[in-house]
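Report on the following structure.
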Amino acid sequence: MENQTSSIVQRSLDALLEDDTFLPDLKGKTREQAFTSLGAILSTPNHVHKSFLRIPLEDGQVVRIPAFRVQHINALGPYKGGIRFHESVNEDEVINLASLMTLKNALHDVPFGGGKGGVVLNPRTHTIKELNLICKKYVRYFNDILGPDKDIPAPDVGSSDREMDWMMSEYKSINPGLPYRGSFTGKSVVNGGSLGRGAATGKGVYFTFRYMIDDFMKKHTNLLSNSDNIFARTVLDYKSRPLTIAVQGFGNVGSVAALEAFNCSQLQNKVIAVSDRNVTLYNAKGLDIPALVKFTLDNNGDLPTTNEQLAQTGVNAELHDREEILFLDVDCIILAALADQIHKGNMDKIKARIIVEGANAPVTSEADNFLSEKGIIIVPDILANAGGVIVSYYEWLQGRETQFYSEEEVFKLLYNKMQSTMDTILPKFFSDPFPLRQNCYIHSVMKLSTVLYRQGKLY
Ligand code: GLU
């Protein structure tokens, strides 16, 4: 994955430098210097930790598995971000993902900094005992830099509540007597996790889409008169027909977002395609998402790949190549698989009018510029997929208070937070010329810059 984050941060700083209502005390040469310093600070992580975990495999062989923890900026609070288990993990990618976490937390007023971890492996090729040992070793190797007030990991691609439970338990054993509940989030509920954390990212992704297209627009009907705006056109269109949605990726984020869309009574929409690492399923009349979710639960997370399996689920769908989902003529595509899915090689084939980033960085910067110039709305990762870290924050709080909230309370807190971010960002998006991603970055960079300035970090 390329590092598109720092170039957008730089563009945000350039725009803010010109805005003399922002940090008005800084003038002339001092102002220029402060903005150059901010560029240096925000584009570089504080720490990159790397270790090679020594793992005896069950067949007797001993391997060294590369593992990372990147700590980007902690001006707003302890570092926070998931640990990714994937064979393509590399240092640059983890650095970029850590900086996205800093921006994401700043955007939604979550009092954390940005961090990210990664382990270079394919979890499907390891036994459960090996995975357990890898998790324990990760904590042993990085113990000194982790902790509820230092750096708090969570699940990411390839990891889940199971891994967080193992890691928290290892942290607790190594650090007897120290607070441990807030050392990891995304744990299972019996182990101190929050109700609703599992579904939080997917629910937040769909909520973002629904809020933008419906709730927000109902409050700002004047915006609908701007027919140059694809958003306004899409909203007007959907009054006369259901919106069509495609969802790339049917894991923890995609399947929940698809189910939310399926069950939504507020907005008329239908999910006409879903995909995973094997296949795209398509039905112009809409797919039976609950039946597909049920199938994946019994089949190692995979969607049906044959007509026999489809018949078994009772789902009516055409089978296509997995890539084809990207090129469908839909109102909205939710990208909930991996990074770099829309890129230079396929960007001209995209027909969707709205792209919602459920995964982190699924659109490369080249494709981002190309599609934004065509007027396609890209709802960026740091806005749309923050449900996970927002509920992680509430999990961390519940662990501190040892008071646990109901699922209903958790989702209310989640939606309130996402709504308040959108109520701040969207009016600006409609009134200035920047794409939505740039608007979100400007907001985060403003917050981080003000805090760094006030903490005396720019002298
Ligand atoms: N891995 C998720 C993300 O990229 C969640 C991070 C967290 O809960 O700390 O936002």
Taking the C-alpha atoms of the stretch 211-362, how large are the radius of gyration and the largest Cα-Cα span, Dmax, in Å?
15.7, 51
In whole Hz, what ³J(HN,Hα) sequence does the stretch 392-398 give by Karplus (6.51, -1.76, 1.60; θ = phi - 60°), x for Gly and Pro?
4, 4, 5, 5, 4, 5, 4
Helical contribution to [θ] at 222 nm, DSSP H n ≥ 4, -39,500 (n - 2.57), averaged over the chain, rounded to 500:
-14000 deg cm²/dmol
How large is log10 I(q)/I(0) at q = 0.12 Å⁻¹ when the Debye formula is applied to the Cα atoms of the chain, each weighted equally and without solvent?
-1.06
q = 0.12, 0.14 Å⁻¹: log10 I(q)/I(0) that the Debye formula gives for the stretch 58-131, counting C-alpha atoms only
-0.39, -0.50
Counting only Cα, what are the radius of gyration and maximum Cα-Cα distance Dmax of the stretch 357-459, in Å?
16.6, 50
Report the semi-axes of the equivalent ellipsoid for the stretch 329-379 in whole Å, largest first, where each axis is √(5λ) for an eigenvalue λ of the Cα gyration tensor.
14, 13, 9
When the Kirkwood radius is taken over all Cα pairs of the stretch 1-101, what Stokes-Einstein diffusion coefficient follows at 25 °C and 0.890 mPa s, in µm²/s?
152
Kirkwood Rh over alpha-carbon pairs of the stretch 298-442, then Stokes-Einstein at 10 °C and 1.306 mPa s: what D in µm² s⁻¹, rounded to an integer?
89
Compute the semi-axes of the equivalent ellipsoid of the stretch 56-205, taking the square root of 5 times each eigenvalue of the Cα gyration tensor, and list them largest first in whole Å.
23, 18, 16
Using the Kirkwood radius built from alpha carbon pairs, what does the Stokes-Einstein equation give as D for the stretch 270-329 at 4 °C and 1.567 mPa s, in µm² per second?
114
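Every number in this text was worked out from the coordinates using simple rules, so none of it is lab data. Since the model is a prediction, treat every value here as computed from it, not as a measurement.
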